[in-house]
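Only one structure is covered here, and it is reproduced in the block below.
Bear in mind these aren't lab numbers, they're just calculated from the coordinates by the rules spelled out. Everything quoted here is computed from the prediction, not taken from an experiment. Every residue, glycine among them, receives a Cβ derived from its backbone with ideal geometry; neighbour counts consider all protein chains shown.
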Amino acid sequence: MACKQKGRTASDSRTAKDMVMVLYITESGPNSVRAVANLEAICKEHSQHNFRLEIIDVLQYPLRALADGVVVTPSLAKLFPLPAATVVGSLSDKSGVLRALGIAE
Amino acid sequence: MDRAIPLTSPGPPGTDVERSFKKAILRVVKGGPARLAIEAGEIDAIIDPGSGNAILLPAAQRALIERKAGFRSLVGLAFDWYWELDERYRFISHQGASDDADGFAEEGMIGKTLWDLSIDNMSDADWRTHRQQLEWRAIFRDLEIRRVGRTGEVRYLSTSGEPIFDDRNQFKGYRGITRDITERRQAEALMRDPPRFDRAIVDALEAPIAVLDETGAVLTTNQAWRTLVTTHPGAGTGVAVGSNYLVVWDGACGDERVDGKSIAAGIRQVLAAERAVFRYECACNSPSERSWFALSVTGMSGNDPARAVVSYEDITERKRGELLLGLELTVARCLADADTATVALLSVIRAICETQGWDCGRYFCMDQSAGVLRFVESWGISSAVIEQFLAKSRGMVFRPGAGLAGRVYQSAQPLWRLDGPRGARGSSMALAPETSKSGAYVFPVTVDDKVIGVLDFCGSKVREPDDHMLHALRSIGSQLGRFLLRQQAVNTLRVNEMRFRVLTNLASDWHWEQDGNFRLTQVVGCSPFGTPDVLGLTHWDVPLVVADAGWAEHKSQLAARWSFCDFELTIAHAEGKRAHYSISGEPVYDEAGVFTGYCGIGIDITLRKRAEIELRESEARLRARLAR
């Protein structure tokens, strides 16, 4: 699959404790770069969770984003566990991100 | 595939352009959070659901442009040349730092395929393989090509390429990069084959070099060493790889025997690490000339078998200069020691022959009365041929301008003839009647630029004279000329003295010499005094000399250093007879003008005096008779 991935892809076998996310970015876009960095920091801070992150560059795969209902980048989509959630922007609002992911601060 | 569509700049805030841009964006983005994020400037791109394209927002657009520029810059550092091919593999563009350097550009590569260019390391099979790769649209990496430029410079290039496809996945050609890897290739070649590199360096050295192992066997030689044997055959120079250098010197014979023993001993010391360096100067005789070499043997240490390096330095020029200087001194000494012209000529000719390695020399003197150059003296090595040649030379004469000797006399310039075609100044035709040898050197003997004779040398080792030799032989000719002229003057003086002495003897009975106190120091001839008895006495103290008034006047003349003539003295013998003598003398002075005595002659005038006495007595008797 031609996309950037962190850890294993979403299609890999996952457990009930896994949190599956997709980050849609525009490579080299300043907000996308910041979003990747912010999400990395959050994942590291809450490493007790088993994060499964897939990063997709919409410049290469715009149709994938449209298929997932994403129209702006950067956008973080939490796919699992339900309920699904989407965060738009550079993910600099850490509380908002954790809230969307269902992680207690 | 890049499907981003950068929007045109939204323009300054508040302008129509900016407003229409936002309107277009908000038409696409309907969600509240997304709109808020756009307003907050936290969005990089929007995906247009209608077209499926990503639309870059201005900040992301600028970042992408900067990133591409940076990437291009970095890529530019990694290669020398970027190129593109069309679908038929023909170059359609090229650019890069080495456009001017690699030579392809000047060859005109646009429109040509890679295999149309001047590349000399790819065989037909190699090109077939490469073209197959292209047909398969495969990425190729580091295809190494070698190109020889117009100046003969070899350049190595490494080229890599990947296929290009359009939106419809149609093949459009190739694009790729080329790097100049010449320096790397050369360095790798040196690293791969260091012995070959070392050999190239050794071969490039001007000095002949051989490397010996601990037994003296030659391990390797350089090109100059191998050439030396062809130009200077002799002991030590013809030793090939595998031969033992020590054995060659041990077996040296003839003139090289002494050198061989010394050199072998020195090399053994170096091989045994008893000394670090051994140097020796030795002569090398070839049929045409004599050369000198400074042999140097330097010890080596290490794990390899090499133990010593032998090198030769040609010191012939220096040696010849030293020999010529020595020759000038030898000639000066010969002339100082010689008391005759013959002795001087023989010693000088011999010294020149022995120093220069010539076989014989002859001196022709100008006979002014006859107007010809006449053979005077010669010297030659002990050889039947040379002796025969010199014997034929006796009585030989040359007119000025005739033959080599005559031409030298006329021009006052040296002439020489070398062996065969090496001849320079002097035709063989001119020399042929004079010599039987292959080479000759003739130079003038001069006095104040006037030629009084010529020296003619013959030998098989006559070489082209250099400035040192010309100067030395000119100096020798001048020294010899002055000596011969002086000797000629001495001979003339001696002859004149002899003639004068003979005349003196005819005109007097004896001659005498006195010291400063007028005491006789020498009495030669028929003197009336017994010689041993009168030496140390003055004339007036000689026994039996009659003292009379005349002596006082004579003494006053002597005291005044006057010459005197016909002073008469009388000796009264015991039996009563008287003898009469006349002496004449001249004062003698030394070179400093100091009076040293008198010299003069004596004549027995007894008969004349007796006749005078008898005449006076007869006259007296006649007068008396007449008076009576």
Find the centroid of the Cα atoms in the range B:341-416 and in the range B:269-332, then give the distance between the two in whole Å.
-> 36 Å
What number, in percent, do you get for the relative contact order of the range B:79-188 if the mean sequence gap of Cα pairs under 8 Å and at least 6 apart is divided by its residue count?
-> 29 percent
Let me have the 222 nm mean residue ellipticity of chain B computed from DSSP H runs of 4+ only, each contributing -39500 (n - 2.57), with the sum over all residues rounded to the nearest 500.
-> -12500 deg cm²/dmol
Rounded to 0.05, the calculated FRET efficiency for the beta carbons of B:His471 and B:Asp515 at R₀ = 45 Å is 0.30
Degrees, to the nearest 10: B:341-356 long Cα axis against longest axis of chain B | 20 degrees
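Using just the alpha carbons, could you tell me how many Å³ per residue the convex hull of the range B:79-188 encloses?
Spread over its residues, the Cα hull of the range B:79-188 gives 101 Å³ apiece.
Which whole-number percentage describes the relative contact order of chain B, with Cα contacts under 8 Å and a sequence gap of 6 or more?
Details: 981 pairs, mean separation 34.2, N = 628.
Normalised by residue count, the contact order of chain B is 5 percent.
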Looking at the range B:338-491, what % of the alpha carbon pairs are farther apart than 24 Å?
-> 24 percent
Crossing angle, helix B:550-559 versus chain B [Cα axis fit, 0-90 degrees, rounded to tens] = 10 degrees
Residue farthest toward the positive end of the dipole of the protein assembly as shown, with Cβ of Lys/Arg at +1 and Asp/Glu at -1: which of B:Leu295, A:Tyr24, B:Ile110?
-> A:Tyr24
Sites B:Lys112 and B:Val241, calculated FRET efficiency, Cβ-Cβ separation with R0 30 Å, nearest 0.05 = 0.05
For the range B:508-614, give the magnitude of the charge dipole about the Cα centre (Cβ charges: +1 Lys/Arg, -1 Asp/Glu; no others), in debye to the nearest 20.
-> 220 debye
Once both labels are modelled 7 Å past Cα along the beta-carbon direction, what's the B:Arg131-B:Glu188 spacing in nm?
-> 2.6 nm
Across peptide B:66-72, how many C-beta atoms of other chains are within 10 Å of each residue C-beta, on average?
-> 1
Can you give the extra length, in nm with one decimal, that the chain gains between B:Ala24 and B:Gln170 once fully stretched, where that is 0.36 nm per residue apart less the Cα-Cα distance?
-> 49.2 nm
Rounded to the nearest 20 Debye, what is the dipole magnitude of the protein assembly as shown about its Cα centre when Lys and Arg each give +1 and Asp and Glu each give -1 at the C-beta?
-> 1240 debye
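Given the pairs B:Lys392/B:Lys461; B:Lys68/B:Lys172; A:Lys78/B:Lys172; A:Lys78/B:Lys23; B:Lys261/B:Lys319; A:Lys17/B:Lys23, which are separated by over 32 angstrom at their Cα positions? Don't skip to the answer; put the middle values down first.
Details: B:Lys392/B:Lys461 22 Å; B:Lys68/B:Lys172 23 Å; A:Lys78/B:Lys172 41 Å; A:Lys78/B:Lys23 30 Å; B:Lys261/B:Lys319 22 Å; A:Lys17/B:Lys23 43 Å.
In this structure, A:Lys78/B:Lys172; A:Lys17/B:Lys23 exceed 32 Å between Cα atoms.
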Got a sec? Charge dipole of chain B, +1 on Cβ for Lys and Arg, -1 for Asp and Glu; which of B:Gln170, B:Val447, B:Gly357 is way out at the positive end?
-> B:Val447
At B:Gln269 and B:Ala572, where each label point lies 7 Å from the Cα along Cα→Cβ, what is the point-to-point distance in nanometres?
-> 9.2 nm
Considering every residue in A:33-42, what mean count of other chain Cβ atoms within 10 Å of its Cβ is obtained?
-> 1
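Using the eigenvalues of the Cα gyration tensor, what equivalent ellipsoid semi-axes result for the protein assembly as shown when each is taken as the square root of five times the eigenvalue, whole Å, largest first?
On the way: eigenvalues 3212, 206, 148 Å².
Semi-axes from the Cα gyration tensor: 127, 32, 27 Å.
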Any chance you could give the angle, 0 to 90 degrees and rounded to 10, that helix B:384-393 forms with the longest Cα principal axis of chain B?
-> 60 degrees
For the range B:444-474 and the range B:549-628, what is the separation of their C-alpha centers, rounded to whole Å?
-> 62 Å
How many angstrom lie between the C-alpha centres of the range A:29-45 and the range A:72-105?
-> 12 Å
Contour minus Cα-Cα span, B:Ala294 to B:Val277, at 0.36 nm per residue, comes to 4.9 nm
Once you put a point 7 Å from the Cα of B:Val154 and another 7 Å from the Cα of B:Asn491, both along the Cβ direction, what distance in nm separates them?
-> 7.6 nm
